[in-house]
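Everything below concerns the one structure shown next.
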Amino acid sequence: MLRERVDIALGERSYPIFIGPGLLADGALLAANITARDVLIVTNETVAPLYLDVFVDALRESLAGRHAASVVLPDGESHKTLDSLQLIVDALVESRMNRDAAVIALGGGVVGDMAGFAAACYQRGIDYVQVPTTLLAQVDSSVGGKTAVNHPKAKNMIGAFHQPRCVIADTATLATLPEREYRAGLAEVVKYGFVHDTDFLGWLEQRADALLARDEEAVIHAIRRSCEIKAEVVGIDEREQGLRAILNFGHTFGHAIETATGYGTWLHGEAVAAGMVVATDLSQRLGWISAADRDRVGELLKRFGLPIAAPRIGTDRAAQLMGMDKKVLGGKLRLVLLRKLGQADVVGDYSKQALDATLQTHFG
């Protein structure tokens, strides 16, 4: 059975990522890595019927009489709100959990972000464990300690950095993932090739058909390499003061799409895919990459069935929403752009005329 481990090196906050099939039911693995006195499992209405009982049964042998409670949230990005966060905190209080308790996030990126934020806030911070069940969460949102909920006017605007104790990515859960959700996760996978590793980018182009068919070996390699790249970047820049921001390639434009169209209308990965096309277009207009490289980005995204055309939300609306981005510094919007394929940079000295032309082309 294929199993992989990647480690996030953050000193006393270091933790492992376990990747492979069947991990949800591996009582020995759970017992070795979930050691809190009591646990609250946070999941949603879609994941709970599929995996909650299996996970609790496997966890039970390590609890040894300790208390386990669960809270099942409504599913979807539209529920990534302070109201949903309150449901998690209420469950922690009602279960009388203390600082030696832990929150376990069993679900996709929305569940992971909210559970992690609740853990960061509750009694000024308790442990949490990520058990991601979607491809996007397994390659991106479960790793690195960024937790948040959305504000109606801006995505992920309310949150905290709070690292998990471990990440347990059971690739068998991807078998029940709807095709659209799976393809949306591939957007975050190819992002790593665009911004950091052209060898990985070439591998993705060669193995695209295997990934679309959910070939186990290809999927596990893609997840492991994605986590390795994120581990390297987060290990250097945990709190996104510099290098880590390159992992937001496509996200400034993508978050504008998500907010403008209503959270959940576009899946996060879909919006990021279109956002990467916009960012690549601007990179080419600035003379940093060739038209051939710009087209290579779009072709791979299209091959994975991802949208490469942004919705026509209007240039003024796009600019307004981008102005709420967390990379705005000193009143200047910084953008993640490609200096070349495999090398991204966070820049604030781009041409306004080039940006205006890009926004008009894609959003006008």
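So which residues in the range 142-183 are part of a strand (DSSP E or B), polar (S, T, N, Q) and touching a residue at least 40 places away in the same chain (Cβ under 8 Å), if there are any at all?
ASN150, ASN156
Just for the range 203-214: of the residues that are without any contact (Cβ under 8 Å) to a residue 40 or more places away in the chain and either part of a helix (DSSP H, G or I) or among the aromatic types (Phe, Trp, Tyr) (or both), which one is surrounded by the most Cβ atoms within 10 Å (Cβ to Cβ)?
Result: TRP203.
May I ask you to list pairs of residues, at least six apart or on different chains, whose Cβ atoms are under 7 Å apart, with the first in the range 264-277 being within 15 Å of PHE304 (Cα to Cα) and at pLDDT below 95 and the second being among the β-branched types (Val, Ile, Thr) and not in a helix (DSSP H, G or I)?
none
Suppose we filter the range 125-151 for residues that are at pLDDT below 95 and in contact with a Phe, Trp or Tyr (Cβ under 7 Å, 6 or more places away or on another chain); how many remain?
Qualifying residue count, the range 125-151: 6.
Please give the number of the condition PHE200 fails out of (1) at pLDDT 95 or above; (2) farther than 23 Å from PHE249 by Cβ; (3) part of a helix (DSSP H, G or I); (4) touching a Lys or Arg at 6+ places or on another chain (Cβ under 7 Å).
(2)
Can you tell me which residue in the range 80-117 is surrounded by the fewest Cβ atoms within 10 Å (Cβ to Cβ), limited to those that are more than 23 Å from ARG60 (Cβ to Cβ) and small (Gly, Ala, Ser)?
Checking each candidate, the answer is SER84.
Condition check: among the hydrophobic types (A, V, I, L, M, F, W, C), closer than 19 Å to ASP209 by Cα, buried (at least 22 other Cβ atoms within 10 Å of the Cβ) and touching a residue at least 24 places away in the same chain (Cβ under 8 Å). Does LEU282 satisfy that?
No.
Out of the residues in the range 1-20 that are at pLDDT 90 or above and in contact with an Asp or Glu (Cβ under 8 Å, 6 or more places away or on another chain), state the one that is nearest to VAL143 (Cα to Cα).
ILE17
Which numbered condition in (1) small (Gly, Ala, Ser); (2) over 19 Å from LYS302 (Cβ atoms); (3) touching a residue at least 60 places away in the same chain (Cβ under 8 Å) is the only one that GLY193 fails?
All conditions pass for GLY193, except number (2).
Output the number of the condition that ASP53 fails; it satisfies all remaining conditions of (1) in a loop (DSSP other than H, G, I, E, B); (2) surrounded by fewer than 20 Cβ atoms within 10 Å (Cβ to Cβ).
Of (1) in a loop (DSSP other than H, G, I, E, B); (2) surrounded by fewer than 20 Cβ atoms within 10 Å (Cβ to Cβ), only one is false for ASP53: (1).
The values are calculated or read from the model by the stated rules, or taken from the named source; none is laboratory data. Bear in mind the structure is a predicted one, so any value in this text is a computation, not a measurement. A quick note on method: Cβ atoms are made from the backbone with ideal geometry, for glycine too, and the neighbour counts reach across all protein chains shown.
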